[in-house]
Amino acid sequence: MRVTGDQALVKKLNKSIVLDTIRRNGPLSRTDVSERTGLNKATVSNLTLELLEQKLVEETGLGASSGGRKPLMLLFNGAAGCAIGIELGVTLVKAALTDLKGGILLERSAPLGRHDPDTAFAVILEAVRPLLEEAPDTPHGVVGIGIGVPGMVDESGTILYAPNLGWEGVDLGARLEKEFGVPVVVDNEANAGAAGEREYGAGRHVRHLVYVSAGMGIGSGMIIDGQLYKGAWGYAGETGHMSIESDGRLCSCGSRGCWELYASERAYAYAPAAGGSAEGSGDADVRARDAASPSSLPALTTPELAEYARQGDAATLEMYREIGRRLGIGVTNLVNGFNPEKIVVGGPLTEAKEWIEPAMLATIAERALPYHRRELAVSFSELGSRSALLGAAHLAVSQFLGRVRVSL
Ligand SMILES: [Zn+2]
């Protein structure tokens, strides 16, 4: 029988619909799948058979009978392969080996001392190699690598601009693909974080979600009507560089008063006597810090400052209250502008959640427009600081599942 390109395409689309339905909603019987997808039972049976042969779907137990024989239930087989998720941070590279359902099998992290692309590439290799070596034997092997980066990325996986790393035009995706010989997906870390929360965390079943990633900078991943919104050229979400102080601190992007200078870990560099580590906290000290180089990194990390906060250090607690208030101001702008169902705050700053959250929520309650905040849910990430890591792995899985071939 001759098969036209159109038929092949339709079959491939149907197969990915069946797989996606089972993955998101399983266990389901073939009849359930047919009802949910609108595909006829014969089509569902044929496609399911292929998915069973490819080990991507497995049959399990017996479902409730609707009169006749009890049906076998279909489940997505997360153990059919593995993926690697990487989060390239400004000070740290994190990598995880996951199954196809986002279950973490192994994790590695390595500090990033210098920012030049060659150093970063070497640190990434050092984190990823052991994961590849220890990956379990599975039908599909390591299906791909996803990486979230703090910058703007084009479709080919080239990092066009990452101000906090000082990078322009770095072809990271191509280099990683050449090194490891598996498909690589590169995306902005906030987009990866939004994908992670939507798939596995606080954003499940949310159609209008803004994910705010707060670490050594701020970026947002916006899911509008169930789709990641990337803007005309893929650069949407650089909310860390929206001005919240018109004549405020000078930013590495060239503008002033950018949100991330006040509401991310960058704010630590400006806080007087944070952690009790600086002597004297007079106005002159504050002015000196405000004039500090916009690319200078803070002396203390969030885990270190969280320890001060736990011990009740007054300056640290005040600093986190102020970060919470500033976070709330930026979130209010996003809420008023986008009218999301849910805002999820994630990233490394979530480790200081308990000292940030009250001031952030109070500010949103005070400032957001009444109709916008009426049914709005605001929460911190359910995946802790792993949203981008798991989201990056999911991007690789999702690309692999999209490629699943059909036999004709
Ligand atoms: Zn800026």
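Among Gly148, Gly173, which is the only one that is crowded, with 22+ Cβ neighbours inside 10 Å and touching a helix residue (DSSP H, G or I) at 6+ places or on another chain (Cβ under 7 Å)?
Values: Gly173 fails: touching a helix residue (DSSP H, G or I) at 6+ places or on another chain (Cβ under 7 Å).
Being crowded, with 22+ Cβ neighbours inside 10 Å and touching a helix residue (DSSP H, G or I) at 6+ places or on another chain (Cβ under 7 Å) holds for just one of Gly148, Gly173, which is Gly148.
Checking Glu126 against (1) more than 19 Å from the chain's Cα centre (by Cα); (2) surrounded by 22 or more Cβ atoms within 10 Å (Cβ to Cβ); (3) closer than 22 Å to Lys178 by Cα, which single condition isn't satisfied?
(2)
How many residues does region 102-120 hold that are surrounded by 17 or more Cβ atoms within 10 Å (Cβ to Cβ) and closer than 18 Å to Glu197 by Cα?
Here the count works out to 1.
Considering only residues that are within 20 Å of Gly148 (Cα to Cα) and within 8 Å of the ligand (Cβ to nearest atom), look in region 223-252 and name the one that is nearest to the chain's Cα centre (by Cα).
Gly240
Can you spot a residue in region 76-93 that is among the polar types (S, T, N, Q) and surrounded by fewer than 18 Cβ atoms within 10 Å (Cβ to Cβ)?
Taking region 76-93 first, the residues among the polar types (S, T, N, Q) are 77, 91.
Applying the additional criterion that residues be surrounded by fewer than 18 Cβ atoms within 10 Å (Cβ to Cβ) yields 91.
Yes: region 76-93 contains one or more residues that are among the polar types (S, T, N, Q) and surrounded by fewer than 18 Cβ atoms within 10 Å (Cβ to Cβ).
Look through region 253-265, keep the residues that are more than 10 Å from the ligand (Cβ to nearest atom) and in a helix (DSSP H, G or I), and return whichever of them is least open to solvent (accessible area, probe 1.4 Å).
Ala263
Helices (runs of 4 or more DSSP H) wholly in region 1-112 with at least 1 residues that are touching a Pro at 6+ places or on another chain (Cβ under 8 Å) - which ones?
Once the helices (runs of 4 or more DSSP H) in region 1-112 are filtered for at least 1 residues that are touching a Pro at 6+ places or on another chain (Cβ under 8 Å), what remains is 30-37.
Just one of the numbered conditions (1) part of a loop (DSSP other than H, G, I, E, B); (2) more than 14 Å from the chain's Cα centre (by Cα); (3) not basic (Lys, Arg) is not true of Ala269; which one?
Of everything listed in (1) part of a loop (DSSP other than H, G, I, E, B); (2) more than 14 Å from the chain's Cα centre (by Cα); (3) not basic (Lys, Arg), Ala269 misses just condition (1).
Being assigned to a loop (DSSP other than H, G, I, E, B) and open to solvent by 30 Å² or more (accessible area, probe 1.4 Å) is the filter here, so list the residues in region 198-230 that pass it. Step through it out loud before you land on a result.
First, the residues of region 198-230 that are assigned to a loop (DSSP other than H, G, I, E, B): 201-208, 216, 225-226, 230.
Answer for region 198-230, where residues must be assigned to a loop (DSSP other than H, G, I, E, B) and open to solvent by 30 Å² or more (accessible area, probe 1.4 Å): Arg204, His205, Arg207, His208, Met216, Asp225, Lys230.
Can you find a residue that is under 30 Å from Pro183 (Cα atoms) and of a type in the set (Lys, Arg) anywhere in region 356-373?
No; the residues of region 356-373 include none that is under 30 Å from Pro183 (Cα atoms) and of a type in the set (Lys, Arg).
Within region 141-153, does at least one residue satisfy the condition of being part of a loop (DSSP other than H, G, I, E, B) and modelled with pLDDT of 95 or more?
Taking region 141-153 and keeping what is part of a loop (DSSP other than H, G, I, E, B), we get 141, 150-151.
Imposing the further condition that a residue be modelled with pLDDT of 95 or more reduces the set to 141.
Yes, some residue in region 141-153 is part of a loop (DSSP other than H, G, I, E, B) and modelled with pLDDT of 95 or more.
Taking the condition over 22 Å from Gln399 (Cα atoms) and either open to solvent by 30 Å² or more (accessible area, probe 1.4 Å) or among the aromatic types (Phe, Trp, Tyr) (or both), does Arg36 pass?
yes
The values are calculated or read from the model by the stated rules, or taken from the named source; none is laboratory data. Being a predicted model, the structure only gives us computed values, none of them experimental. Here the Cβ is made from the backbone with ideal geometry for all residues, glycine too, and neighbour counts use every protein chain on show. SASA here: full protein model, heavy atoms, side chains in, ligands and nucleic acids out. Shrake-Rupley method; radii C 1.70, N 1.55, O 1.52, S 1.80 Å.
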